[in-house]
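Let me begin by presenting the structure, written as C-alpha cells, before commenting on it.
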Amino acid sequence: MRKFTISLFLMLFIGLQVAYAQRSITGKVTSSEDGAGLPGATVLVKGTTVGTITDANGAFTLLVPKDKETLLVSFVGMKTKEIALGTDNVVNVVLELSVQQLEGVVVTALGIPREKKSLGYATQEVQGDNLSTIKTSNFINNLSGKVSGIQVQSNTNMGGSSNIILRGNKSLTGDNQVLFVIDGVPVNNQITNTSSQTQAGVGYDYGNAASDINSDDIANINVLKGAAATALYGSRAAAGVIMITTKKGAGAGDSGYKKGIGVTLSTGVDVGFVDKTTFPTYQQQYGAGYGKYYGPDGDAYFNIIKVNGVNETWVPTTEDASFGAPFDANLMVYQWDAVDPASPNYQKATPWVAAANGPITFFEKPVTWNTTLSIDNTFNKGNYRLAYTNFDQKGLMPNSSLTKNIVSMNGTWNVTDKFTASASGSYSIVKGKGRNSTGYNDNIVTSFRQWMETNVDIKEQWNLYNQTARNLTWNYADPDPATTDYSPIYWDNYYWTRYQNYETDQRNRFFGNVALDYKVTKWLDIYGRMSVDTYYEIQEERRAVGSIATPFGIGSGSDGSLTRSDQQSGYLRRDFTFSEYNYDLMANFNKNLSKSFNLKGILGLNIRRTNFSRLISSTNGGLAVPGLYSLQNSIGPLPLSKELVSKVGVDGIYASVSVGFKNMVYLDATIRRDHSSTLPPNNSVYYYPSVSAGFIFSQLLQEAKWLSFGKLRLNYAQVGSPAQFDQLVDNYNIITPMNSPITSVAGSKKNSDLKPEKTNSLEGGLEMSFLKNRLGFDFALYNTFTTNQILPLVLTTATGYQSKIINAGEIQNKGIELTLKATPCKNKNFAWDIVINWSKNYSKVVSLLDGVNNLQLGAFQGGVTLNAMVGQPYGVLYGSDYVYDANGNKLINPANGKYQITTTSNNIIGNVNPLWTGGMTNSFKYKNWALSFLIDIQKGGSIFSLDMYYGLSSGLYPETAYTNDLGNPVRNPIVWKDPNDHSKGYASTSGGYINEGVLPNGQTNWVRVNASTYSGFGYKVLPNSAFVYDATYVKLREISISYSVPASLLKKVFITGITVTAVASNPWIIYKKIPYTDPESGLSAGNLQGYTTGSLPSTRNFGFNLKFSF
Amino acid sequence: MKKILAFLTILLIFSACKKLELLNENTKDPTNVTGESLFTGAQKNLFDQMTTPNVNFNIWRMFTQQWTETTYLDEANYNIDNRPIPLNHWNVLYRDVLKDLSQSATIISSTSYLDPDPAIKVNKLAVVEIMTVYTWSVLVETFGNIPYTQALNVNNVNPVYDDGLTVYKDLINRLNAAIGKLNPAWGSLGTADNMYQGDVTNWLKFANSLKLRMGLLLADIPSEASFVKTTVESAAPGVISSNADIAKLVYLGAQPNTNPVYDNLVASGRNDFVAANTLVDSMNNLADPRRQFYFTQVDTSTSGTPKLAYVGGIYGESNNFFSYSHVADQIEAPTFEAMIFDYAETEFLLAEAVERGFSVGGTAADHYNTAIKASIAYWGGTEADAAAYLSNPRVAYATAAGTFREKIGMQLWFALYNRGFESWTEWRRFDYPLLVAPPEALSVIPLRLTYPTTEQTLNGANWAAASTAIGGDAVSTKLFWDKN
C-alpha cells in the first residue's frame, strides 16, 4: 500500500515547535486497513502551524500548547481525523481510507507524485505484483489487457520484441513505441533488428531493450496516456509514457514489512507446452514432390537412380513440397536416409509412409527459472533496497537459451531535515543464444509451415545429426550415389541449423541516477538529478561450413542487411554502444495560498545527450577454417564494414503550475521549450503547451451517499517531435571498390528545412465510483491530430530517389477508453474484484503530400504491401484481389476453374488495426487464498499469412487432401465423361474441386480446378486477399492461484511470510480465426505489422512460484 | 540556495553556448565525392542488371527461351508480378544508374582538373553521356513511354511520361552530340571506367555501334525513314570492328564484384535453371560449335557406356535439374565477363542495314559471315569450326531459310546467348525465331514489361495517361517501333 509515496513530499508541514506552555503528547498513527504504523503522517495542532510527522513506525511526539485541545492527523489517501485531546498524554490514532480517494498518489511525468484525484488527464496504474506473478522474458507482454488504450503485440520469438502502442500510431513512419521511464528517468528501448528482419527477409529478433527491466523490481506502473499527461517530457513522449516506480525499502503497509532489515526470496519455475492450435497439422496421404514430374520421362512421382548398377525408385529429395505420390506402406522406395553410409537405411528401400514424428516433435519444452533475492531496510535516516535476479530460460527451439542476471540497488538518505540524497542503479547482463530466425529465409519454421516433405521423420534427422554432427539433410540436391557431393539444396538438416548456425548476443547495461533534494523553505524545494543509461551489445551470427547458401554478410542498406549475396558459411558481428545522459534540475513549490487555494508549481531544466554507435563487420566468401568464427578467418577480403555514429541532444526548459480550489477544482498548465539538435537551426527551438482541468463534482454532492467519487476532466496539449538523427544533409554511400573507388547517391533525399512534428490532442474523461467504491468506472474520449509529420515519402524512382524526407501528412487518432471496476462481494474473508478494460481507437490518415495519396510503409514477399493511404486507417494491406462481377460474385476462369485475379496490386485487402481490444481480470480472495485470471480480447485487425500462401501450394495442409464433392480424393486427376466433349461434364471418378463463383457468361461455376499438382492450391490459384485473416482472438491470458501461509503459523520461526503461487500464462486460446498460428504472431516490434511467416508456435506455460520473507 | 542557482545558471550557459546542431553531423559518410567514383558504380550496376539471372531482376533469358526453370516456374510462364521484376529493373536503371550518372556529370562539370588538356574533361563528360544514353535506350525498349524530361528531379514527384519515339530520337541526337565531343587524342575516365579503361577510341566505336542499333530499331517506322537513314549511315563507319573492341566488363574473384551468373547459379547453391529445349534443339540441328561453350552435357544412355549430349529442359514445364544441360562452367566462373555490345552483333546489324538499302558498305552476306565468325571466335571456337558451320546450307546466307529477318534473327538468337535483354529486343525486332508460349503461360511472350505496379500508386495520373498512350499497360502491347 502506497509504498511509492515519497517521504520528502510529506514533510512540508513540519512546523516550528514553540517553547511555550505546553505538554508532550506521544502516540502512534496506524492504518485501519492492516493496523500497520503509518510513517510520514502529519500530526498538526489545529489552528496552529505546530506539528510533526510520524517516524518510520508511525510514532510521534509532539509538544502541544496548553490552550489547544485538538489534533489534526492526516495522511495522503486517508481521511483526516480530528482528535480531541483529553487528559491522556498518549494518543493512538487509526486513520481510515478516504472514501473520495480512488487510488491515492500516482507518479506523473518527471517522477512527480500527484494525488490522482487532482489530475485533469487519464492515467492508469498496474501494481508490480500483477506484472511479476507471471515470469516472462519481457514484462511488457504482461501489460496486455490490463490497461485500456494500450495495444501490446507480443510475438512468439524467444526474447522477442513486443510492439507497444498507446492510443494508436501517431507518427506515419517514426517511432510509435511508448517511452519507458524508471523512477523519473527515461530508459532506452532501442530495437536493433535489421531492416531485412522487419520486412520478413532474414534475421533474428533481438528483442527490445526495455525488456532488461526486471519485473521483480517494479513496485508499480503508471501509464500516462495522453499528450497532456506527458507534455513535460517533451517530444520523446508523444507516443505515451509508461512510468515505472521501482521497489524501495519497504515502508509500513507493504506486504512483508518488518521493522529493520527485511529479506525476500522469490523463486519460480515455468514450463511451456506447444499450443497445437498455433502449429500446422499436416495431411497424411501424400509425400515428397510437386506432381508427376520425375523419372526418366518426367511423368512419374519418383526418380529412377542406379544403386550398385541397378535402377531403383528414389523419392525426389530435391523437393520441399508434399504434392507427390500417395503413401503406400507396401511400396518400398529409397529415401533421403538411404544416401549416407552413416544411416542405418544406407542404400536400403523403406516403406513409403507419412513420418511418424512430424515437425512438432522438433520443439523442446521451454523451461524458465527465475529467482530474486532482495534485502531492504528502512531506518530513521532513510531506506535502501538491494536485489539480485537470475532469469534462466531454455527456449522452444533446440539449443536456445536466454539468461539475465540483474543486480539493482537504490537508497535514500535523509542527510539533514532539509537535505535528502538518493541514488539508484541497476546492472544487467543479458545473454541470448540460438534465437530463432524470423522471416522467410533461413528459418526452419518457414520450412515447417511452407516448404517440406510430410514423409520426413524429424527424429531420424536428429538421430543422424546426433550421431555424425554432419549436415545429413532430407533435402539433397542430388542423392545419386554416383555423385560424391551430397549437399543440400534448400534446407539443411534442421538440427545442423540449430546446433551449428546459431547466433549469440549479449548486452551489458547500467542505468541509474543520483539525486539531491534540498528543502529551501517549507513550500519550496530544489531537486537535481543526473542519470545515465548505457550499454554495450554484441550480436554474433554464424554459418558453418557445409550449410546451404543463404543471404549473409554485408549488403546494401544502412545496416547492410538488404540485397546480400548468398554465402555458404561465414561470421558476422554487430557491436552497439549506447549511452544517454540526462541532467535535470527542478524547483518545486507547493503552497496553500488560502484555506481554499493550493498552488503547486515546477520550474525545470533538462539536458539530454544520446550517443549511439553501431559497427557491423562480416567475413566474405566463406570461412577458411571450419568452426572458427572470427573476422580474420574470411576466405575473401572483408567487405566494407558499416559504421554508424549518431549523437542527439535536446535542451529543454519547462514550467508547470497547478492550482487547486477546495480540493474540488484543479487546473494545470505546463509549457516546455525544447531545443533539438536534429532540426535545422532556424526551426530547432519549439514550444509546446498543455492545460488540463479536473472537477471533482462529488464534492458538491456530499449528501448523495451512493456516490463515492465523481470527477470530470478535460485537457488539451500540443507536443512537438524533432527529426531523427541526420535527416538534414545529403550523404553519399561508399560501395566496395571495383578496380577503383565506387560511390553512389543515397536513395533517400534529405531535407534541410525540416520543422518539428506537432501532435495536438484533446481529451475528456469522467471518473465515478459508487457504493463506497464498490463500483466505479473511468471513461476517456480523445482526439489527436499529428501534423507536419517528418517522413520518408516513397517516390517513383524515376525521380532518381527511393524516397525523400518531407514535412507533411496528418494522422488522426480518436478513441474511447473505458475501465470498469467492481467489487461484487467483499467481506471479512472473501473478496471478489473485477476490472474490465476496453478501448477502441480509430485512426485515419488525413493527408499526405499534395498529389500523393499513399505512403508505402513496407513491402513483403508475396506482393503484399503495408500502406498509409489518405482516408484510410493507418496500416492497410494492399495486394491482388478477386475479380467480381456486377452482382458481387467472384469471377471464374472458364478454362481451368480458377478464380480470376486482379492484375493490380493496389487493392485494399486488409486493415491491421483492431476494431477494439479489451481485457477482464477477475480476482478472488478467500482468507489466505487468492485466485485471479485475465481474459484478453482483440476484435478485428487483419493479418496476411505467407504460411498459407505457400503452404497450401506445396500441399502440406489437410485443406489440400480431402474427399471432394464426388467422393474422390481431391488430388485425383480431372476426368471428363467424354474427353472430346466437355459439355457432358465430369466422370464420377474425377478429382479436383469447384470454386464458388460465376463464369463470365453468368453461369454458376461448374468448372473444376485440377488439384493433382502443386498448381492446384495456394498462391498460384488465389489472390493475396485469400490469405488475409481476421486477427480476432479471445485468450485466457493468465491465471494464478496463491496461498499465503498465515502469519499466526509463522510466529515461532524466523520467516515472516510465505506465499506459494501457481501460475499459467496463455493456457488457452479460447477463440481465433487464423488457422495454425497465433493471431499475435508477427515479425517484431515496429510499424510493420499484419504479416506472419514462419513464426514459432505459441506455448501454454505453467509454473509455480515461492516467496519467502524474513 | 545560492549554489544551486549558480549551478542552474552555469548549466544554462553551457547549454546555450554550445552549438547543439553540430551534434547532428554524420561523421561516417561523405558529403562530397568524385564524379568518377559515381560513374564506376553506375556502370557496374548497369552491367549487373543487364547480366544477372536473378529472377527478381532479369528474366529475359527465358523470354527468348535460352534457359528454363526447374521447379519454380513462375517466371518461365511470364509471371512478372509474383516477384516485382518490372519494378526492380526500373529502380536499378533510374535510381542506381541514371541518378548516379547524372550526379557524376554534374560533379565532373564543376570540378577543376589539373589535367594537361581540357579535352579530357570534355571526354569524361561525353563518356558519361554515352553510358546515360545507353541506359535510357534500355528503358524505352523495355517499357515504351517513360518519364524522361521531368525525370531525375526530386522536386517533381509526379514526372510525366514522355512519348517513347520522341525520347528515342532525342537520345540519338544526344549520342551524336557526345560522339562529336569525343577527342581520341586524349584519355577520359581512366581506371574509373571498367569497360574501356578510359580509351576514347573504343568509346567512339561503342557509341557508333549503339547509334547504329538505335537507328535500326526505328527502321520499321515509315515516317522516320530519312532520320533512320542518316543515323545508320553516319554511324556505320565508326562501329566496333573486332572482338577486341567489345563493350564488356570483367568481374573480379571476390564478392560483391563477381559475375552475377556465378552469384546466382553457383554461390547460391541452387539448381533453378537448365538450358531450354527450344534453343538447344535448334543449335543441335545445326551442330553449332558454340554449344560446348554454352552448355554442359548430360548422359542420355539408359545403360552401358555413357552417351553425352546437349539436352534442353522442356520450356515452361517442370524439369529435373540433373536430366538436362546446364549453363557451361566458363559462364558461371566468378570472373567471367558481362557484355552490353559485341562485334558479332554489330556485323549482324550492318548486314541488316545493307538489306534495308542503307549505304554502309559491304554485302549482307559478308557482314553475316563476319558476324558468325566473330561470335564463334569470341566464345572460343576455331576458324575451322566457323568455316564448317558456315558451310552448312542451313546456315550459309545464300541458302538459309527465309527472309533476311529470319536468317539474321535466327543467328542473332544463337549469338546473343547470356545476353537476354538484347536477345529479347532483337527477337521483337526481327520476329524470329518463331517462339511459342508454354501451355501454362499467363500471357503471350511479353513484348514489353508492364510498368512497375508501384507507379499506379506513386504516380497514378501520369501512369494512366502513359498506359492509354501506348495502347494499354500490358505485356502484349506492341511498342512504337515493333511494327510486325
Quick one: order A:Thr1013, A:Thr87 from most to least accessible surface, probe 1.4 Å.
A:Thr87, A:Thr1013
Please give the net charge around A:Val73, taking every other residue with its beta carbon less than 15 angstrom from that of A:Val73, where Lys and Arg add +1 and Asp and Glu add -1.
+1
Accessible surface of A:Tyr427 - all protein chains present, 1.4 Å probe, nearest 10 Å²
100 Å²
What span do the alpha-carbon atoms of region A:109-222 cover on each of the three principal axes, reported in whole Å from largest to smallest?
50, 33, 25
Report the antiparallel proportion of the DSSP beta bridges in chain A as a percent, rounded to a multiple of 5.
95 percent
Compute, for the protein assembly as shown, the length of the dipole vector about the Cα centre, with Cβ point charges of +1 (Lys, Arg) and -1 (Asp, Glu) only. Units Debye, rounded to 20.
7720 debye
Square roots of 5 times each gyration tensor eigenvalue, C-alpha, chain A, largest first, Å:
60, 31, 30
Hey, what does the equivalent ellipsoid look like for region A:598-690, semi-axes from the Cα gyration tensor as sqrt of 5 times each eigenvalue, largest first, whole Å?
54, 17, 9
If packing is taken as the mean number of other Cβ atoms within 10 Å per residue, what is the order of B:437-448, B:296-307, A:456-467, highest first?
A:456-467, B:437-448, B:296-307
Name the residues of region A:798-820 whose accessible area, probed at 1.4 Å, falls by at least 30 Å² once all protein chains are in place instead of their chain on its own?
A:Ala798, A:Thr799, A:Gly800, A:Tyr801, A:Gln802, A:Lys804
Accessible-area value, A:Tyr629, 1.4 Å probe, nucleic acids and ligands omitted, Å²
50 Å²
Taking every residue of B:81-94, the Cβ atoms of other protein chains inside 10 Å of its Cβ average out to 3
Hydrodynamic radius of chain B per Kirkwood, over alpha carbon pairs, in Å
24.2 Å
Positive-pole candidate from B:Gly362, B:Ser375, B:Ala401, dipole of region B:342-417, charges at beta carbon:
B:Ala401
In degrees, nearest 10, range 0 to 90: what is the angle between the Cα axis of helix A:458-468 and the longest Cα principal axis of chain A?
90 degrees
Local charge sum around A:Ala342 (other residues, Cβ-Cβ under 15 Å, Lys/Arg +1, Asp/Glu -1)?
-1
With all protein chains present, chain A has a carbon and sulfur share of its accessible area (1.4 Å probe) in percent of 57 percent
Of A:Leu386, B:Leu139, B:Leu390, which has the most accessible area and how do the rest follow, probe 1.4 Å?
A:Leu386, B:Leu390, B:Leu139
Using the crude model of +1 on Lys and Arg Cβ and -1 on Asp and Glu Cβ, and no other charge, please compute the dipole size for region B:342-417 relative to its Cα centre, in debye to 20.
220 debye
Protection-proxy order for peptides A:753-764, A:951-962, each taking the mean of Cβ atoms within 10 Å per residue, highest first
A:951-962, A:753-764
With 10 Å bins from zero, work out the P(r) of region A:804-930 over every alpha carbon pair and list the percent per bin.
11, 23, 22, 17, 13, 10, 4, 0
Estimated translational D of region B:342-417 in µm²/s (Stokes, Kirkwood radius over Cα pairs; 37 °C; 0.692 mPa s):
270 µm²/s
Given charges at beta-carbon only (K, R positive; D, E negative), |dipole| of region B:260-332 in Debye
160 debye
Can you check what the Kirkwood hydrodynamic radius comes to for region A:86-159, Cα pairs only, in Å to one decimal?
16.1 Å
With the crude spin-label approximation of a point 7 Å out along Cα→Cβ, what separation in nm comes out for A:Gln1003 versus B:Ala333?
6.0 nm
Along its principal axes, what span do the Cα atoms of region A:444-539 show, with the longest given first and each in whole Å?
92, 25, 21
Heavy-atom SASA rank of B:His89, A:His982, B:His367 (probe 1.4 Å, accessible area, largest first)
A:His982, B:His367, B:His89
Ignoring ligands, DNA and RNA, what accessible area per residue does the protein assembly as shown give at 1.4 Å, in Å²?
36 Å²
Return P(r) of region A:126-174 (all Cα-Cα pairs; 10 Å bins starting at 0; whole %; ordered from short to long distances).
24, 49, 23, 3
Once you average over the residues of B:267-276, how many Cβ atoms of partner chains fall within 10 Å of each Cβ?
4
For a bin width of 10 Å, list the pair-distance distribution of region B:142-277 built from all Cα-Cα distances, rounded to whole %.
10, 26, 27, 29, 8, 0
Which percent of the accessible area of region B:260-332 is formed by carbon and sulfur heavy atoms (probe 1.4 angstrom)?
46 percent
Would you mind giving the mean number of other chain beta-carbons within 10 Å of the Cβ of each residue in A:647-653, as a whole number?
4
If each DSSP helix of 4+ residues adds -39,500 (n - 2.57) and the sum is divided by the residues in chain A, what number results at 222 nm, nearest 500 deg cm²/dmol?
-1000 deg cm²/dmol
What's the local net charge at B:Thr230, with K and R +1, D and E -1, over the other residues with C-beta under 14 Å away?
+2
With a Cα-only, solvent-free Debye model of region B:260-332, what are the log10 I(q)/I(0) values at q = 0.17, 0.18, 0.23, 0.26 Å⁻¹?
-0.65, -0.72, -1.09, -1.25
Working from the alpha-carbon coordinates of region A:337-390, get Rg over Rh, Rh being the Kirkwood radius.
1.61
Charges on Cβ only, +1 for Lys and Arg, -1 for Asp and Glu, centred on the Cα centroid of the protein assembly as shown; of A:Ser1015, B:Ser109, A:Val94, which one is farthest towards the dipole's positive end?
A:Val94
Under the classification rounded if a/c is under 1.5, otherwise prolate if a/b is larger than b/c and oblate if not, where does region A:170-247 fall, given a ≥ b ≥ c as square roots of the Cα gyration tensor eigenvalues?
oblate
To the nearest hundred square angstrom, how large is the accessible surface buried between A and B, total for both chains, probe 1.4 angstrom?
7000 Å²
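The values are calculated or read from the model by the stated rules, or taken from the named source; none is laboratory data. Computed from a predicted model, the values in this text were never measured in an experiment. Heads up, the Cβs are rebuilt from the backbone with ideal geometry, glycines too, and the neighbour counts pull from every protein chain shown. Note: accessible area is taken over every heavy atom of the protein model, side chains too, but ligands, DNA and RNA are not part of it. Shrake-Rupley method; radii C 1.70, N 1.55, O 1.52, S 1.80 Å.
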